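> Before I ask anything, let me first share the structure, which is written out below as structure tokens.
The values are calculated or read from the model by the stated rules, or taken from the named source; none is laboratory data. Nothing here was measured: the structure is a model prediction, and the numbers come from that model. Glycine also receives a Cβ, built like all others from the backbone with ideal geometry; neighbour counts cover every protein chain displayed. Surface areas here come from the heavy atoms of the whole protein model, side chains and all, with no ligands, DNA or RNA. Shrake-Rupley method; radii C 1.70, N 1.55, O 1.52, S 1.80 Å.
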Amino acid sequence: MDEDMLRAALVKWARSMFERGYSSGGAGNISARLQDGSFIVTPTNSSFGDLQVDRLSKLDAEGNWISGDKPTKETSMHLAMYRNRSECNAIVHLHSPWLTALSCMPNLDRENCLPPITPYYVMRVGRLPVIEYFPPGDERISQEIARLATKHNAILLANHGPVIGGKTLRQAFFNAEELEDTARIYLMLLPHGFTTLSESQVQELETRYPR
């Protein structure tokens with residue numbers, strides 16, 4: 001996919017997310033990497049609902065601003081994911097309701113805060129580690145993402161929201177949708193109890209469908 005097509009796809013997917021309540025106001029950011037290692041990212045204070053293809057920020061592989069509007073202050077966490085997860089070519093950071101609610105809960109398992117309750121969660125994400133709270137744009141978020149990205153394509157920021165990667169822009173959005181749905185199902189089931197997939201069932205899925 002060339003740059004023009006990637007820009008158009010990012011704007012289309014972002015608007016869909018906005019219309020379905022995955023992001024509100026100027027919350028969240030999205031990026032997609034080009035073949036030369038540079039990447040496009042949503043500008044600071046922009047809304048997923050009214051992005052313009054020619055105003056998306058473009059940065060080089062080192063994170064230097066090349067063109068477009070001023071990039072999001074959270075660019076460094078996108079760069080950390082790209083540098084440490086070579087197969088990742090797109091990243092979605094959301095303030096989606098169910099995952100943000102999950103990120104605010106006490107006593108979360110920092111290594112994996114969502115149990116394997118559905119096969120598609122295992123197939124698309126597998127495990128969801130949690131980073132302790134830091135202010136948005138803080139360099140410590142990037143450091144923690146760099147530490148976790150080699151083994152995880154999704155990471156939850158405490159009291160903030162998820163950062164989700166994919167091999168393509170389409171896959172990153174699919175991963176984000178699946179993760180948000182899993183958080184919704186999990187929180188709905190919490191008062192009632194639930195059954196998880198067994199360890200052997202998880203292993204079978206991971207063997208059949210490597211991420």
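> I'd like the accessible area for residue 157: 1.4 Å probe, protein heavy atoms, all chains in place, Å² to the nearest 10.
Looks like 10 Å² after rounding.
> Using a 1.4 angstrom probe, figure out how much accessible area the chain has per residue, in square angstrom, rounded to the nearest whole.
Dividing the accessible area of the chain by its residue count gives 48 Å².
> Would you calculate a helix-derived [θ] at 222 nm for the chain, using -39,500 (n - 2.57) for each DSSP H run of n ≥ 4 and dividing by the full residue count, to the nearest 500?
Computed ellipticity for the chain at 222 nm equals -12000 deg cm²/dmol.
> Please list, in order, the residues from segment 17-38 whose amide nitrogen is less than 19 Å from a point placed 7 Å along the Cα→Cβ vector of residue 104.
Correct set: 21-29.
> Just to verify a number: FRET efficiency for residue 167 and residue 192, C-beta to C-beta distance, R0 = 41 Å, to 0.05?
With R0 = 41 Å, the Cβ-Cβ based efficiency is 0.70.
> Still on this model: Just add up the charged neighbours of residue 81: K/R +1, D/E -1, any other residue whose Cβ is under 13 Å from the Cβ of residue 81.
That works out to +3.
> Under the Kirkwood approximation applied to all pairs of distinct alpha-carbon atoms, what is the hydrodynamic radius of the chain in Å?
17.2
> Trypsin sites (Lys or Arg not before Pro), restricted to segment 149-179: which are DSSP loop and have at most 16 other Cβ atoms within 10 Å?
When the trypsin sites (Lys or Arg not before Pro) of segment 149-179 are filtered for loop state and at most 16 Cβ neighbours within 10 Å, 151, 167 remain.
> Out of the total accessible area of segment 3-208 (probe 1.4 Å, heavy atoms of protein only), what percent is carbon and sulfur?
Here carbon and sulfur together make up 48 percent of the probe-accessible area.
> Quick one: grab Rg to one decimal and Dmax as a whole number for segment 170-211, Cα atoms only, in Å.
Considering segment 170-211 through its Cα atoms, Rg and Dmax are 12.7, 34 Å.
> Please determine, in degrees from 0 to 90 and to the nearest 10, the orientation of helix 3-19 with respect to the longest principal axis defined by the Cα atoms of the chain, where the helix direction is its Cα long axis.
Here the helix axis deviates by roughly 50 degrees.
> Kindly provide the GluC sites (Glu not before Pro) of segment 62-155 that DSSP labels as loop, not H, G, I, E or B, and whose Cβ sees at most 15 other Cβ atoms within 10 Å.
When the GluC sites (Glu not before Pro) of segment 62-155 are filtered for loop state and at most 15 Cβ neighbours within 10 Å, 62, 87, 111, 132 remain.
> Name all residues of segment 34-58 having a backbone nitrogen under 15 Å from the label point set 7 Å from the Cα of residue 86 along its Cα→Cβ direction, giving them as ranges.
Only 37 fall inside the zone, counting backbone N under 15 Å.
> If you don't mind, there's one more thing I want to ask. Compute the Cα gyration tensor for segment 86-211, then decide on rounded, prolate or oblate, letting a ≥ b ≥ c be the square roots of its eigenvalues: rounded whenever a/c is under 1.5, prolate when a/b is larger than b/c in the other cases, and oblate in all that remain.
Oblate is the answer for segment 86-211, as a/c is 1.5 or above yet b/c matches or exceeds a/b.
> What size of dipole, in debye to the nearest 20, comes out for the chain about its Cα centre when the only charges are +1 on Lys and Arg C-beta atoms and -1 on Asp and Glu C-beta atoms?
80
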